[in-house]
């Protein structure tokens, strides 16, 4: 095999590859011998079909199969020999082929750019430390109490008001006819939350236990049965019970109901939860601060095929007119993601960072613990979706790189209170003009607008 660099322009390299006809013929003969042992033709005993007959019958298909295999093997060898880092699928252009001829083809390769990392000495970022105010903790506990409030029966002659819980059976009709799902038993609604159908629970205000109430409502536009979407519906509701809420006493008993040892322990757990939420949001801000500097201070030639691929992923669910409208901004965002991906990956490779299967399993277990009651669902999701595990591996890899960078830059600690934290997070999450334009195209989290999925180790 003969390999030559025909041309090299920017990140695109074209190789000329020649495979001599003798090598091809050898592969052909090997394939013919294999077929001779297997093929069965009328008039010949098994394994005794002459090679000439096999060649006349299967010659073209054999040649095609052999050439296809040679192209795969030699193109890989050519890339390895020239030590090229490929950024996408190489293109093959056949120049000469056919039985009895040398195989001559060109291999067009878009290469990954050479990435030269700058020193991190001048990079800086802020590491926020939040002291959670007692007022914030108390407010959160009050919210938890509200979410877990208890209800007690009202007197039978008392009418339901906003905030009461009404339990009822119903029978519904559309144009006088019942339909699938038209009956319900023991439905509970907290009046004022409007969680059933729009305006439904408002019509239950004033009912008493034992009454029957006729209610007019409209079925939702996204009803599973298309023929029932937006249909006017009459509900006949039998009121089973009316309850009023009673305020939870924030004490040891309430704390135990929430899974804590006592009220002191409960407050500590709430503080940790709030602190964790602040940390996640503020870490995203620190991360963006770092990524902005990395992107700004490095020059990287980007392969056009990767840009096109990223844009395609970003805009796959958009209408053609929307793609065209935000073309420039989408291209800018795609370039940013690719550039950061290449730079971060280089930091990872230079520092020999890897992600073990144990780390992936540990992260999955962490997610499981954070979703009580859904453990089986989470586990099955990762078991049935290998790509999800790979994506998780990539996220872990990226975070390891960010932590490495943070350890090497000037990281100043800034202590702030809850109010300051909320202000910083709020300002960070305000969309700028570009964010608004590309809101439909972003596939990353809003707290991580420039993060690009990078190679998984």
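Bear in mind these aren't lab numbers, they're just calculated from the coordinates by the rules spelled out. Quick caveat, the model's predicted, so the values are computed rather than measured. Every residue, glycine as well, gets a Cβ built from its backbone with ideal geometry; the counts of neighbours run over all protein chains shown.
Of the peptides 362-370, 335-343, how do they stack up when ordered by the mean number of other Cβ atoms within 10 Å, highest first? Write down the numbers at each step before the final one.
Numbers: 362-370: 13.4, 335-343: 21.2.
The packing order, highest mean first, is 335-343, 362-370.
Per the Cα gyration tensor, the chain maps to an equivalent ellipsoid with semi-axes of 62, 37, 22 Å, ordered largest to smallest.
Would you work out the Kirkwood radius for the range 211-352? I mean one over the mean of 1/r across all pairs of different Cα atoms, in Å. Don't skip to the answer; put the middle values down first.
Values: mean 1/r = 0.0446 Å⁻¹.
With all distinct Cα pairs of the range 211-352 included, I get 22.4 Å.
Computed from Cα positions, the angle between helix 418-429 and the longest principal axis of the chain comes to roughly 50 degrees. When you count the other C-beta atoms within 10 angstrom of each residue and take the mean per peptide, 210-220, 389-399 line up highest first as 389-399, 210-220. Rounded to the nearest 10 degrees, the angle from helix 304-314 to the longest Cα principal axis of the chain is 30 degrees.
Of the DSSP beta bridges with both residues in the chain, give the percent that are antiparallel, rounding to the nearest 5. Of the beta bridges lying entirely in the chain, close to 85 percent run antiparallel.
Given the Cα atoms of the range 140-255, and with Rh set as the inverse mean 1/r over their pairs in the Kirkwood sense, what is Rg to Rh to two decimals?
Values: Rg = 16.4 Å, Rh = 15.5 Å.
Reported Rg/Rh (Cα atoms, Kirkwood Rh): 1.05.
Sort the following peptides by mean Cβ neighbour count (other Cβ atoms within 10 Å, averaged over residues), highest first: 149-156, 241-248.
Details: 149-156: 12.8, 241-248: 16.0.
With the highest mean Cβ count within 10 Å placed first, the list reads 241-248, 149-156.
Rounded to the nearest 500 deg cm²/dmol, what is the calculated helix-only ellipticity per residue at 222 nm for the chain, with -39500 (n - 2.57) per DSSP H run of length n ≥ 4?
Numbers: 13 runs with 207 residues, N = 457.
For the chain, the value works out to -15000 deg cm²/dmol.
Diffusion coefficient of the range 2-110 by Stokes-Einstein, Kirkwood radius over Cα pairs, 4 °C, 1.567 mPa s: 83 µm²/s. Against the chain, whose longest principal axis is taken from its Cα atoms, helix 386-408 shows a tilt of about 90°. Contact order, relative form, for the chain: 17 percent (alpha carbon pairs under 8 Å, 6 or more residues apart, mean separation divided by residue count).
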